[in-house]
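Notes to accompany the following structure.
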Amino acid sequence: MVADPPKGDPKGCAAAEPTANGVSTLVPIEDVGSVRGGRCCSRDQVRRCLRANLLVLLTVVAVVAGVALGLGVSGAGGALALGPARLEAFSFPGELLLRLLKMIILPLVVCSLIGGAASLDPSALGRLGAWALLFFLVTTLLASALGVGLALALQPGAAFAAINTSVGAMSPAEEAPTKEVLDSFLDLVRNIFPSNLVSAAFRSYTTSYKEILFNGSPVKVPTGGEVEGMNILGLVVFAIIFGVALRKLGPEGELLIRFFNSFNDATMVLVSWIMWYAPVGILFLVAGKIVEMEDVGLLFASLGKYILCCLLGHAIHGLLILPLIYFLFARKNPYRFLWGIMTPLATAFGTSSSSATLPLMMKCVEEKNGVARHISRFILPIGATVNMDGAALFQCVAAVFIAQLNHRSLDFVKIITILVTATASSVGAAGIPSGAVLTLAIILEAVNLPVHDISLILAVDWLVDRSCTILNVEGDAFGAGLLQSYLDRTEKSNSVPELIQVKSEMPLAALPVPSEEGNPLLKGCPGPAGDADTCEKESVM
């Protein structure tokens with residue numbers, strides 16, 4: 001008995017070959033076209049992957065090219081060979097990127113926070129805000145503790161030799177002004193409640209001092225005034241409260257809420273256009289900053305251990321601690337989340353500004369990491385204002401470094417003072433380049449350390465501050481991702497019990513039979529017993 005050949009299309013099968021029992025079978029051969037198609041498919045996948053991550057790759061390449069270009073120009077003579085006019089023209093593309101990003105900050109922060117606060121009910125708003133502030137507080141405390149621990153372990157100031165005066169040379173006008181701890185916190189509260197919203201868009205309040213003679217001796221008297229710089233903390237608080245007020249209005253406030261949401265959407269379109277110019281601006285920002293340094297090699301040789309301590313702390317906190325917290329609570333791959341925000345991280349390195357990176361971060365966490373719009377546009381502006389993990393770590397390392405320079409011992413009380421003061425003062429740190437250095441004086445005053453040594457910190461702040469900014473914006477993004485995961489779990493846990501409860505309260509057997517609506521095309525025929533339940537239907541047609 002001979003087996004029937006397989007039915008179907010014999011395409012792709014070789015000639016029949018007899019087997020041991022004489023049965024002929026068709027032997028399939030490998031389709032050459034399918035192999036070629038697989039290769040083309042893999043090429044298409046690579047092409048699609050490159051197209052999807054083109055902006056990330058361009059930004060990373062721009063950072064590397066900026067470092068190489070800056071070192072090359074420095075080796076050819078640097079700023080002295082270029083001259084002031086050519087140096088300004090050399091740095092102009094980077095300056096243009098900063099101006100574009102700063103232009104977007106005000107409408108983005110105000111509109112996104114108003115829309116985000118108005119889209120949440122008051123109970124969810126309070127719950128989200130509480131969880132966000134708890135996450136920011138815990139991570140900032142961890143960063144501060146890590147900075148103190150690394151500085152005490154590595155001793156960056158103990159082996160510090162005599163520095164060339166050109167490295168830390170600064171004019172007296174550039175030294176950071178000293179400020180009392182109480183006045184710093186009072187300024188923070190004053191900026192939370194600005195007296196003029198229009199002036200808060202470009203000015204903030206700060207306390208300065210003047211000396212007067214009192215009983216023949218000079219006395220330092222605080223005098224407050226407005227200085228240049230956006231009061232973003234006051235704008236954030238006002239926008240949240242205004243959004244809650246619009247929510248309370250109900251239907252009457254819907255029109256204004258839609259206006260702010262549309263305004264925010266249009267702003268995000270502008271952000272997507274600016275993102276494609278970011279690699280060019282970052283290249284010249286990094287290169288211009290390196291060219292401005294007179295002797296990069298001598299600077300790294302003198303303060304290398306301090307720089308290593310700061311960068312190592314930022315790497316541990318950003319690559320181990322924050323991803324571990326995200327993995328433990330969200331149960332997701334944190335490094336895939338990090339890959340989704342590579343463009344904002346590279347932009348943070350180039351611009352050295354948390355506020356300038358905010359527009360790009362919002363776009364990336366929404367489109368690549370799946371964070372809801374109302375979460376990202378509510379949490380990220382708050383994080384850019386109050387979450388400064390990198391600044392807190394840097395301030396703790398710098399305080400211990402200055403204490404070791406001056407052979408000052410730090411007891412347990414002073415270490416706790418540094419931790420608490422660094423965590424609290426980082427909230428008021430401006431999201432601008434070198435903003436954390438301005439609040440470093442608060443910590444030094446709190447533990448009675450000399451403030452004039454900040455000049456050494458400023459000498460290498462151009463590099464350390466970029467690492468601080470990367471850690472700051474990374475903490476903001478992980479906070480948004482954790483809150484999104486928390487909301488997803490909350491919605492699942494709330495929906496499942498409701499379904500179980502409905503099923504248990506009314507079993508299927510007890511459900512009443514719904515009465516049918518009359519249909520003109522159907523007529524009922526009573527059954528033999530006249531029971532309506534057993535009637536059959538026949539069509540009138």
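The values are calculated or read from the model by the stated rules, or taken from the named source; none is laboratory data. Since this is a predicted model, take the numbers as computed values, not measurements. Please note: Cβ atoms are built from the backbone with ideal geometry, for glycine as well, and neighbour counts cover all protein chains shown. The protein model used for the area step is the full one, side chains on, heavy atoms only, and it has no ligands, DNA or RNA in it. Shrake-Rupley method; radii C 1.70, N 1.55, O 1.52, S 1.80 Å.
If we keep just the residues of the stretch 356-397 that are small (Gly, Ala, Ser) and over 19 Å from Ser467 (Cα atoms), which is most open to solvent (accessible area, probe 1.4 Å)?
Taking the stretch 356-397 as the starting set, the residues that turn out to be small (Gly, Ala, Ser) are 356, 370, 372, 376, 383-384, 390-392.
Going one step further and asking which of them are over 19 Å from Ser467 (Cα atoms), we end up with 370, 372, 376.
Values: Gly370: 53, Ala372: 28, Ser376: 0 Å².
Among those residues, the one meeting the criterion is Gly370.
Every residue in the stretch 176-191 that is part of a helix (DSSP H, G or I) and either touching a His at 6+ places or on another chain (Cβ under 8 Å) or open to solvent by 50 Å² or more (accessible area, probe 1.4 Å) (or both), please. Talk me through it step by step, then tell me what you get.
Of the stretch 176-191, the ones part of a helix (DSSP H, G or I) are 181-191.
Answer for the stretch 176-191, where residues must be part of a helix (DSSP H, G or I) and either touching a His at 6+ places or on another chain (Cβ under 8 Å) or open to solvent by 50 Å² or more (accessible area, probe 1.4 Å) (or both): Leu182, Phe185, Leu186, Val189, Arg190.
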Just checking, does the stretch 120-130 include any residue being in contact (Cβ under 8 Å) with a residue 24 or more places away in the chain, open to solvent by 40 Å² or more (accessible area, probe 1.4 Å) and either assigned to a helix (DSSP H, G or I) or not acidic (Asp, Glu) (or both)?
yes
State whether one or more residues within the stretch 456-474 are in contact with a helix residue (DSSP H, G or I) (Cβ under 8 Å, 6 or more places away or on another chain), closer than 27 Å to Asp183 by Cα and of a type in the set (Ser, Thr, Tyr).
yes
Looking at the stretch 57-69, I want the residues that are modelled with pLDDT of 85 or more and have a partner that is crowded, with 18+ Cβ neighbours inside 10 Å and charged (D, E, K, R) with Cβ atoms under 9 Å, at least 6 apart or on another chain. Which pairs are those?
Gly66/Lys289
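Just wondering, is there one or more residues in the stretch 367-377 that are out of contact with any strand residue (DSSP E or B) (no Cβ under 9 Å at 6 or more places or on another chain) and more than 28 Å from Leu54 (Cβ to Cβ)? Lay out the reasoning, then the answer.
Step one: filter the stretch 367-377 for residues out of contact with any strand residue (DSSP E or B) (no Cβ under 9 Å at 6 or more places or on another chain), giving 367-377.
From the residues that got through so far, the ones that are more than 28 Å from Leu54 (Cβ to Cβ) too are 374.
Scanning the stretch 367-377 turns up at least one residue that is out of contact with any strand residue (DSSP E or B) (no Cβ under 9 Å at 6 or more places or on another chain) and more than 28 Å from Leu54 (Cβ to Cβ).
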